Amino acid sequence: QVQLVESGGGLVQPGGSLRLSCAASGGIFRFYSMGWYRQAPGKQRELVAAITNGGSTDYADSVKGRFIISRDNAKNTVYLQTNSLKPEDTAVYYCNAKLGVTTYWGQGTRVTVSS
């Protein structure tokens, strides 16, 4: 059983930045593909960024060039650096871990972009 704990969310002005972190425990972190998803009020959860166990990354078109996903296998942590934030980035951001058909989710961290 893998536990995921997100942190780093908060209130930020448009154009600002936040660094989200997701700390994993209970599994062999380096084997997992990791992802960040988000869910805005009234909308479906969507993939924001993903990183494989080999370090390959993928991004939603809406965040390309602004967000960066990375992982530190020594710290069992995946990060999402969010830059040039826009009001439409407002959402609860969830960490996701996948290994084969098994998926784990964190509890989410809220990001609010507003002036």
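The values are calculated or read from the model by the stated rules, or taken from the named source; none is laboratory data. This one's a predicted model, so the numbers in the text were calculated from it and none came from an experiment. Cβ atoms come from the backbone with ideal geometry, glycine included; neighbour counts cover every protein chain shown. We work out accessible area using only protein heavy atoms, side chains counted, and drop any ligands, DNA or RNA first. Shrake-Rupley method; radii C 1.70, N 1.55, O 1.52, S 1.80 Å.
What to note about this one:
- Kirkwood Rh and Cα Rg combined as Rg over Rh, evaluated for the stretch 1-56: 1.01
- Database remark: amide H of GLY108 closer than 5 angstrom to the amide H of GLU6, CYS95 (H placed geometrically; neighbours at sequence offset of 5 or more, or on other chains; Pro and chain starts carry no H).
- Distance between modelled label sites at LEU11 and LEU47, nm, 7 Å Cα→Cβ extension: 3.4
- Whichever lysines have a C-alpha closer than 18 Å to that of LYS75, once near sequence neighbours (fewer than 8 apart) are set aside: LYS98
- The stretch 32-115, accessible surface, carbon-and-sulfur percent (1.4 angstrom probe): 46
- Backbone geometry of the stretch 92-107 corresponds, through the Karplus equation with coefficients 6.51, -1.76 and 1.60 at θ = phi - 60°, to 3J(HN,Hα) couplings of 8, 9, 10, 8, 9, 10, 10, 9, x, 9, 9, 10, 10, 10, x, 8 Hz, x marking Gly and Pro.
- Charge sum, other residues only, whose C-beta stays under 14 Å from GLY9's C-beta, Lys/Arg counted +1 and Asp/Glu -1: +1
- Extension gain for the segment SER56 to SER114, taken as residue separation times 0.36 nm less the Cα-Cα distance, is 17.7 nm to one decimal.
- Pairs of Cα atoms nearer than 8 Å and 6+ residues apart set the relative contact order; for the chain it is 36 percent.
- Backbone phi angles across the stretch 69-83, fed through the Karplus curve with coefficients 6.51, -1.76 and 1.60 (θ = phi - 60°), yield HN-Hα couplings of 9, 8, 9, 10, 5, 5, 9, 6, 9, 10, 10, 9, 8, 10, 10 Hz in residue order; Gly and Pro are listed as x.
- Principal axis extents of the C-alpha atoms in the stretch 48-115 (largest first, rounded to whole Å): 40, 25, 23.
- Stretch gain in nm, segment GLN39-ASN83, where the contour uses 0.36 nm per residue and the Cα spacing is subtracted: 14.0 nm
- Here the peptides 66-75, 28-37 are ranked by packing, the mean other Cβ count within 10 Å, and the order with the highest first is 28-37, 66-75.
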